[in-house]
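We did not get these values from a lab; they are worked out from the coordinates using the rules stated. All values derive from a computational prediction rather than experimental measurement. Heads up, the Cβs are rebuilt from the backbone with ideal geometry, glycines too, and the neighbour counts pull from every protein chain shown.
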Amino acid sequence: MSDTKITLYAALSDAVVEMDEERAITTAQQVVAQHFDAYEAIAEGLAPGMARAGQLFEEDEYFVPELLLCADAMYAGINVLQPHVCREDVPQQQTVVIGVIEGDTHDIGKNLVKLMLASAGFIVIDLGRDVPPQRFVETARESGAVLIALSTLMTTTMDGLAEVIRLLERNKERDQYKVMVGGAPISLAFAKKIGADGYARDASEAVRLARQLVGQAVAHTG
């Protein structure tokens with residue numbers, strides 16, 4: 001990655017953390033003017049900035065007002081970059097159902113993944129937080145989704161992720177959907193244990209994984 005890219009992406013990240021909408025916009029405009037990859041700028045600049053803001057929130061250094069201002073700065077940059085994102089990697093703009101499992105109300109990470117998926121060209125159905133396992137299954141069925149994205153930040157609700165997969169198996173629908181999981185207490189080993197199709201550590205990795213899984217799903221159904 002060139003020094004200019006690194007500088008611009010760092011500036012995007014800082015603009016989000018510093019709640020500076022104007023700087024986010026002007027820096028995003030520079031990315032476009034330089035013909036750099038718009039999605040990469042979101043993934044390597046704005047998204048890490050929001051992740052940093054989320055961490056400050058978790059550490060009680062930022063509170064809800066600051067977090068909302070950070071989000072405003074991030075969206076300001078995304079509004080500039082999104083029209084320039086290449087969406088060819090998403091076959092037929094596939095649908096993803098995303099949410100935080102029942103019993104957990106932490107949704108900063110989920111919201112970032114949702115935003116990144118939408119920016120990458122997916123149709124995203126966001127069920128929000130504290131979502132019962134059955135609702136993921138029903139929504140995926142009703143929407144024609146090919147991917148279900150589940151998250152939790154609490155060890156006490158991890159089994160809810162497994163319950164979604166158990167419901168799919170019980171209904172003989174497991175092969176119709178790819179299931180990806182994420183969140184602080186989740187690991188690749190846990191994902192494999194419950195039979196998920198993939199695990200992502202952060203929002204950028206979640207998009208790469210989603211593209212891979214959706215490609216597999218389309219190939220399987222094609």
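For the chain, with equal point scatterers placed on the C-alpha atoms only and solvent neglected, what are the log10 I(q)/I(0) values from the Debye formula at q = 0.09, 0.17 1/Å, to two decimals?
-0.36, -1.16
Provide the gained length on full extension for the span Met1 to Val32, in nm with one decimal, where the gain is 0.36 nm per separating residue minus the Cα-Cα distance.
9.6 nm
Which value, in debye to the nearest 20, describes the size of the charge dipole of the chain about its Cα centre when Lys and Arg Cβ atoms bear +1, Asp and Glu Cβ atoms bear -1, and nothing else is charged?
Dipole about the Cα centre, nearest 20: 1060 debye.
Which angle from 0 to 90°, rounded to the nearest 10, does the C-alpha axis of helix 64-81 make with the longest principal axis of the chain?
So the helix axis and the longest Cα principal axis differ by about 80 degrees.
Under 1.5 on a/c is rounded, so check that first for region 91-221, then, if it is not, pick prolate when a/b is larger than b/c and oblate when it is not; a ≥ b ≥ c are the square roots of the alpha carbon gyration tensor eigenvalues.
Taking the square roots of the gyration eigenvalues as a ≥ b ≥ c, region 91-221 is rounded.
Taking the Cα atoms only, what angle lies between the long axis of helix 47-58 and the longest principal axis of the chain, rounded to 10 degrees?
Helix 47-58 sits at roughly 80 degrees to that axis.
Would you calculate a helix-derived [θ] at 222 nm for the chain, using -39,500 (n - 2.57) for each DSSP H run of n ≥ 4 and dividing by the full residue count, to the nearest 500?
So the calculated ellipticity at 222 nm is -17500 deg cm²/dmol.
Can you figure out the FRET efficiency of Thr105 with Gln134, using R₀ = 22 Å and their beta-carbon distance, to the nearest 0.05?
0.75
Net charge within 14 Å of Tyr9 by Cβ-Cβ distance, Lys/Arg positive one each and Asp/Glu negative one each, not counting Tyr9 itself?
Every neighbour counted, the sum reads -2.
Amide H of Val96: which non-local residues (sequence gap of 5 or more, or other chain) have their own amide H closer than 5 Å, using H built in the peptide plane?
Result for Val96 returns Ile123, Val124, Ile125.
Applying 1/(1 + (r/R0)^6) with R0 = 41 Å to the Cβ-Cβ distance of Lys193 and Leu56, what FRET efficiency is obtained, to the nearest 0.05?
Approximately 0.80, to the nearest 0.05.
Straight distance only, please: which lysines reach the Cα of Lys193 with their own Cα at less than 30 Å, same-chain residues fewer than 8 apart left out?
Partners within reach: Lys110, Lys114, Lys172, Lys178.
Over every pair of different alpha-carbon atoms in region 3-84, take the mean of 1/r and invert it; report that Kirkwood radius in Å.
12.1
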